[in-house]
Every structure is written in C-alpha cells, then in structure tokens.
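No lab work stands behind these numbers, since they all come straight from the coordinates. Quick caveat: nothing in here was measured; it's all calculated off a predicted structure. With ideal geometry, Cβ positions are generated from the backbone for all residues, glycine too; neighbour counts draw on all protein chains shown.
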Amino acid sequence: MTPRDVLLVVLRDLFPQWEIWVCDRGVWRAAGFMLVSSSTVEGLVEHLAGADPDSFAKAARRFVERSA
C-alpha cells in the first residue's frame, strides 16, 4: 500500500458521502453533489471544506476524536 492509498482510505472514511479518487493524470477528485478537483490532496481537502462545510466540520471532529 502506498502513501496515496492510505490517504484515499482516510479521506473516504472521513467523507463517506463523497466518492474520492485520483485520476490517471494524478489529479485528486471528489464527487458528491458537485465535482471538485485539485492537483494536491491538500487542495482537495480545502475544496471539500468549501463545497461542504458541514461535512468537513463533522470529518474534523471524527478525526480529532480518533486521534485522542
């Protein structure tokens, strides 16, 4: 398993309502009620936060709870 694979698993777990993948050109994508794309995983998370702030806040809380 590569680091990219781990990031995909984590993001898919944190954002279950979004389909998240990396296309064959290395672009990070997420499809939910809209499609967001970024050349970096950090950019994708920023786009998810802007597109779906409620889901982002919920994902952030879940991540913090698991880290504690």
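For region 10-67, which positions are touching a Lys or Arg at 6+ places or on another chain (Cβ under 7 Å) and of a type in the set (Ser, Thr, Tyr)?
Matches in region 10-67: SER37 only.
Any idea how many residues of region 31-65 are assigned to a strand (DSSP E or B) and in contact with a helix residue (DSSP H, G or I) (Cβ under 6 Å, 6 or more places away or on another chain)?
2
With under 22 Å from SER67 (Cα atoms) and surrounded by 14 or more Cβ atoms within 10 Å (Cβ to Cβ) as the only criterion, which of GLU42, GLU46 stands out?
Going through GLU42, GLU46 in turn, the sole match is GLU46.
Go through ARG4, ARG12 for me and flag whichever is surrounded by 10 or more Cβ atoms within 10 Å (Cβ to Cβ), assigned to a helix (DSSP H, G or I) and free of Cβ contacts under 8 Å to residues at least 12 places away in the same chain.
Result of the check over ARG4, ARG12: ARG12.
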